[in-house]
Amino acid sequence: MIPAHVPAAVQAPVPAVEVLSVEKTYPNGTQALLPVDLRIEEGEFVTLLGPSGCGKSTLLKMVAGLLEPTDGRLHLWRKPVDQLEASGKKMAFVFQSPTLMPWASVQANVRLPLDLAGMPKAQANAQVEEALALVGLPKFAGDLPRSLSGGMQMRVSIARGLVTQPDLLLMDEPFGALDEITRHKLDAELLDLWRKKKLTVIFVTHSIHEAVFLSTRVVMMAARPGRVVEEFRIDEPYPRTPDFLVSPQFSRHAKQLQDSLLRASQSTEEVQT
Ligand SMILES: Nc1ncnc2c1ncn2[C@@H]1O[C@H](COP(=O)(O)OP(=O)(O)OP(=O)(O)O)[C@@H](O)[C@H]1O
């Protein structure tokens with residue numbers, strides 16, 4: 001307990017996310033996650049990396065409140081996940097596939113979370129316009145999703161995430177299905193958004209390069225059962241330009257992560273045998 005006379009400025013900051021001994025066993029008996037502890041400060045860009053089946057999506061869905069932990073506690077801005085509203089904060093989840101309504105315009109797709117929240121249409125449309133401008137699609141509001149490329153559809157999905165003006169953005173391999181050039185472009189755009197909107201981001205990927213390029217911190221996980229095995233700070237300045245991708249610092253971080261991923265994969269195999 002911090003004494004009342006200590007000024008607010010020197011009190012510890014409130015963490016955006018606290019994962020406290022959270023574990024998950026699915027009803028079929030699969031032990032997806034051993035107890036995980038993780039603290040994420042406001043404004044961090046944290047990436048979950050690890051071999052297939054190590055529980056990255058399971059952990060992300062529990063942070064989102066889409067899945068119940070078997071044990072442990074999850075706090076967002078010091079409130080239980082289902083009471084996030086009480087802290088005045090908001091979260092959004094972006095899935096790997098854009099999951100757009102094919103019959104509805106881009107504008108209607110992006111407006112969906114606001115319609116569901118009962119926001120008046122004029123106010124909602126203004127927020128949609130702002131979100132589409134943020135992802136570089138202001139001219140496509142009236143188009144149907146099928147007339148857009150895969151990268152543009154993903155931008156629409158991100159706009160739908162941003163339209164509620166979230167503080168916490170959870171992204172489950174959002175660019176995994178895109179070609180490499182589009183992926184690099186969207187990675188760079190995402191970093192711009194993160195900085196401009198002062199977001200806290202948790203990002204799941206299989207890509208070491210994406211993890212180094214984007215993150216302030218990388219959390220390495222291993223599988224069967226899923227667990228956190230190592231953490232790495234990527235202490236490199238932003239903005240991270242394409243030059244960063246070919247710098248010695250980038251290679252050093254990538255090598256560290258590659259070695260760690262190898263260790264994580266080997267420990268997975270050892271547990272299996
Ligand atoms: N609904 C479910 N019921 C039973 N087991 C599940 C369920 N969802 C996931 N699992 C299992 O839990 C473990 C963790 O899965 P999860 O999808 O979280 O891993 P992941 O690291 O995100 O994998 P990937 O990188 O392949 O997407 C895996 O063994 C998976 O088969």
With (1) surrounded by 18 or more Cβ atoms within 10 Å (Cβ to Cβ); (2) of a type in the set (D, E); (3) modelled with pLDDT under 95 as the list, and D82 as the residue in question, which single condition is left unmet?
(1)
Restricting attention to the range 204-220, and to residues there that are touching a residue at least 60 places away in the same chain (Cβ under 8 Å) and farther than 20 Å from V94 by Cβ, which single residue is farthest from the ligand (Cβ to nearest atom)?
I208
Is it the case that some residue within the range 81-95 is in a helix (DSSP H, G or I), within 16 Å of the chain's Cα centre (by Cα) and more than 12 Å from the ligand (Cβ to nearest atom)?
yes
Please verify whether the range 194-202 includes one or more residues that are surrounded by fewer than 20 Cβ atoms within 10 Å (Cβ to Cβ) and not in a loop (DSSP other than H, G, I, E, B).
yes
So which residues in the range 41-70 are farther than 16 Å from V219 by Cβ and touching a Ser or Thr at 6+ places or on another chain (Cβ under 7 Å), if there are any at all?
E42, G43, L67, T70
In a loop (DSSP other than H, G, I, E, B), crowded, with 19+ Cβ neighbours inside 10 Å and either among the acidic types (D, E) or at pLDDT 95 or above (or both): does that describe P69?
yes
Please give the number of the condition Q272 fails out of (1) at pLDDT 95 or above; (2) within 16 Å of the ligand (Cβ to nearest atom).
(1)
Quick test of your reading of the structure: A131 fulfils all but one of (1) among the hydrophobic types (A, V, I, L, M, F, W, C); (2) more than 13 Å from L100 (Cβ to Cβ); (3) in contact (Cβ under 8 Å) with a residue 40 or more places away in the chain. Name the failing condition by number.
(3)
Identify, please: which residue in the range 215-235 is in contact with a helix residue (DSSP H, G or I) (Cβ under 6 Å, 6 or more places away or on another chain) and not in a strand (DSSP E or B) and is, among those, nearest to T47 (Cα to Cα)?
I234
Qualifying positions in the range 25-64 - of a type in the set (G, A, S), more than 7 Å from the ligand (Cβ to nearest atom) and surrounded by 16 or more Cβ atoms within 10 Å (Cβ to Cβ)
A64
Residue under evaluation A122, criteria (1) at pLDDT below 95; (2) closer than 26 Å to E44 by Cα, criterion not met
(2)
Does any residue in the range 173-194 that is under 14 Å from I158 (Cα atoms) come within less than 9 Å, Cβ to Cβ, of a residue that is in a helix (DSSP H, G or I) and hydroxyl-bearing (S, T, Y) six or more places away or on a different chain, and which pairs are these?
E173/S57; P174/S157; F175/T182
Subset of the range 149-165, residues more than 14 Å from P98 (Cα to Cα) and surrounded by 20 or more Cβ atoms within 10 Å (Cβ to Cβ), comes to V163
Reported set for the range 238-254 where residues are within 20 Å of the chain's Cα centre (by Cα) and either surrounded by fewer than 13 Cβ atoms within 10 Å (Cβ to Cβ) or within 16 Å of the ligand (Cβ to nearest atom) (or both) is P239
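The values are calculated or read from the model by the stated rules, or taken from the named source; none is laboratory data. Bear in mind the structure is a predicted one, so any value in this text is a computation, not a measurement. So basically every Cβ, Gly included, is an ideal-geometry build from the backbone, and we count neighbours across all protein chains shown.
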